[in-house]
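S.K.: I am attaching a structure below and will ask some questions about it afterwards.
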Amino acid sequence: MLGRRPSGRPEAELWLGAHPGSPARLVGRDGTLLDVVHGRLPFLLKVLAAERPLSLQAHPTPELAAAGFAREEAAGIPIDAPERNYKDPFHKPELIYALSDPFRALCGFRPVAQTRTLLEPVAGDERIAPLLDRLRTDADLRPVFEWLVSRGDDVDDLVVALVETSSVADDVSWDAVRRLSETNPGDPGIAISLLLHTAVLRPGEALYLPAGNIHAYLDGLGIELMAASDNVLRGGLTSKHVDVAELVSVLDFTPRRVPLLRPEEPRPGVRVFRPDVPDFVLTVVDGVAAEVPLGGAAIALCVRGRRGSTAGRRSAAGRRPISTGSRRCGSTVTR
């Protein structure tokens, strides 16, 4: 996608923004985007290329982020310590816009009845029975999640049984189990995946993941747009630190639908993905020349063809670019 030869090394994320952890570098001069953005840029855009599943994770509300950051600062935990949960006092809602066909993700708890229906054909397996015994109503999601993520009694045998079942079962949820077992063998996140929606996005579709939504991107190429924060509470499918108590305190265990974000279409060829937070908006301009009103700083990303010029408070775009988020045509920030 970047228009250059692959390096042969893993390249999973391109960060575009002024986040202090990895600000975008300027082209043709020294310095980073931090040097030219006055104040805090409230969003961070990434080109995400996931060849294998990323970790199960969730992000805090603004209130929990501020409290957690203050608590860990007072405790003197180094900002780069592996056990540090809160790197800054900000929330991190995010959306993912699919470019590949498909883009797959786990996203949010689904009704328990759906998981039970999936498991009923194998209910006679004594290794799977403990999960069904514990998981009867939606109110059981929290204790069952804690049992699984903590690798409680019978969880290891349960994971083995689920992986065996996935080899002969046909469903997107079982596909996710097979995929996770290949990349993270024995991880309790394999069982947790069956409590969650498995979303299969087509190009142009987007998910919005608010605070408390547990999720994991399984594979695909997409545009990830989020509030400028590095606060991540992990819940499995990773070798990194998992703080079960803190994760559970930020999770929303309410079953909800797959969190698809429907776009506004103010005019032909322009779609606006507007979440319920003020930190960011994603505008997609597809195949037309269009002026896009900007309410502040913006990043323009051309994913195919060539972009037009950017001036003042409006951005004129070429074929198939995405604004508020840059690539071979470079990054443009306007105010």
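S.K.: Name the residues in segment 90-105 that are crowded, with 16+ Cβ neighbours inside 10 Å and touching a Gly at 6+ places or on another chain (Cβ under 9 Å), would you?
M.R.: 96, 97, 98, 99, 100, 102, 103, 104, 105
S.K.: Residue under question is residue 232, and the condition is that it be of a type in the set (A, V, I, L, M), in contact with a Lys or Arg (Cβ under 8 Å, 6 or more places away or on another chain), closer than 29 Å to residue 123 by Cα and surrounded by fewer than 24 Cβ atoms within 10 Å (Cβ to Cβ); does it hold?
M.R.: Details: of a type in the set (A, V, I, L, M): yes; in contact with a Lys or Arg (Cβ under 8 Å, 6 or more places away or on another chain): yes; closer than 29 Å to residue 123 by Cα: no; surrounded by fewer than 24 Cβ atoms within 10 Å (Cβ to Cβ): yes.
Spelling it out, it is not the case that residue 232 is of a type in the set (A, V, I, L, M), in contact with a Lys or Arg (Cβ under 8 Å, 6 or more places away or on another chain), closer than 29 Å to residue 123 by Cα and surrounded by fewer than 24 Cβ atoms within 10 Å (Cβ to Cβ).
S.K.: Oh, and also: Residue 2 - would you say it is aliphatic (A, V, I, L, M), out of contact with any strand residue (DSSP E or B) (no Cβ under 9 Å at 6 or more places or on another chain) and over 30 Å from residue 245 (Cα atoms)? Steps first, answer last, please.
M.R.: Numbers: aliphatic (A, V, I, L, M): yes; out of contact with any strand residue (DSSP E or B) (no Cβ under 9 Å at 6 or more places or on another chain): no; over 30 Å from residue 245 (Cα atoms): yes.
Spelling it out, it is not the case that residue 2 is aliphatic (A, V, I, L, M), out of contact with any strand residue (DSSP E or B) (no Cβ under 9 Å at 6 or more places or on another chain) and over 30 Å from residue 245 (Cα atoms).
S.K.: Out of all the residues in segment 115-151, which are β-branched (Val, Ile, Thr) and under 24 Å from residue 242 (Cα atoms)?
M.R.: Across segment 115-151, the qualifying residues are 144, 149.
S.K.: Would you call residue 332 of a type in the set (S, T, N, Q), at positive phi and modelled with pLDDT under 95?
M.R.: Working: of a type in the set (S, T, N, Q): yes; at positive phi: no; modelled with pLDDT under 95: yes.
No.
S.K.: Just a yes or no: is a residue in segment 202-213 in contact with a strand residue (DSSP E or B) (Cβ under 6 Å, 6 or more places away or on another chain) and of a type in the set (Lys, Arg)?
M.R.: Among the residues of segment 202-213, not one is in contact with a strand residue (DSSP E or B) (Cβ under 6 Å, 6 or more places away or on another chain) and of a type in the set (Lys, Arg), which makes the answer no.
S.K.: Here's a follow-up. Just give me the residues in segment 1-31 being more than 25 Å from the chain's Cα centre (by Cα) and under 19 Å from residue 298 (Cα atoms), in sequence order.
M.R.: Hits for segment 1-31 are 26, 27, 31.
S.K.: Based on what the data block shows, is residue 225 in contact with a strand residue (DSSP E or B) (Cβ under 9 Å, 6 or more places away or on another chain) and within 30 Å of residue 177 (Cα to Cα)?
M.R.: So residue 225 fits the description; yes.
S.K.: Follow-up. Inside segment 180-295, counting only strands (runs of 3 or more DSSP E) that do not spill past its ends, which hold 3 or more residues that are hydrophobic (A, V, I, L, M, F, W, C)?
M.R.: Ranges flagged: 196-201, 206-209, 215-227, 270-273, 282-285.
S.K.: Condition first: part of a loop (DSSP other than H, G, I, E, B) and open to solvent by 50 Å² or more (accessible area, probe 1.4 Å). Now tell me which residues in segment 157-179 satisfy that.
M.R.: Passing the criteria: 167, 168, 170, 171.
S.K.: Can you pull out the residues in segment 81-107 that are of a type in the set (Ser, Thr, Tyr) and assigned to a strand (DSSP E or B)?
M.R.: Answer for segment 81-107, where residues must be of a type in the set (Ser, Thr, Tyr) and assigned to a strand (DSSP E or B): just 97.
S.K.: Give the residue, chosen from 78, 23, 10, that is surrounded by 14 or more Cβ atoms within 10 Å (Cβ to Cβ) and part of a loop (DSSP other than H, G, I, E, B).
M.R.: 23
The values are calculated or read from the model by the stated rules, or taken from the named source; none is laboratory data. For clarity, every value in this text was computed on a predicted model and none was experimentally measured. FYI the Cβ positions are ideal-geometry reconstructions off the backbone, even for glycines, and counts take in every protein chain you see. SASA here: full protein model, heavy atoms, side chains in, ligands and nucleic acids out. Shrake-Rupley method; radii C 1.70, N 1.55, O 1.52, S 1.80 Å.
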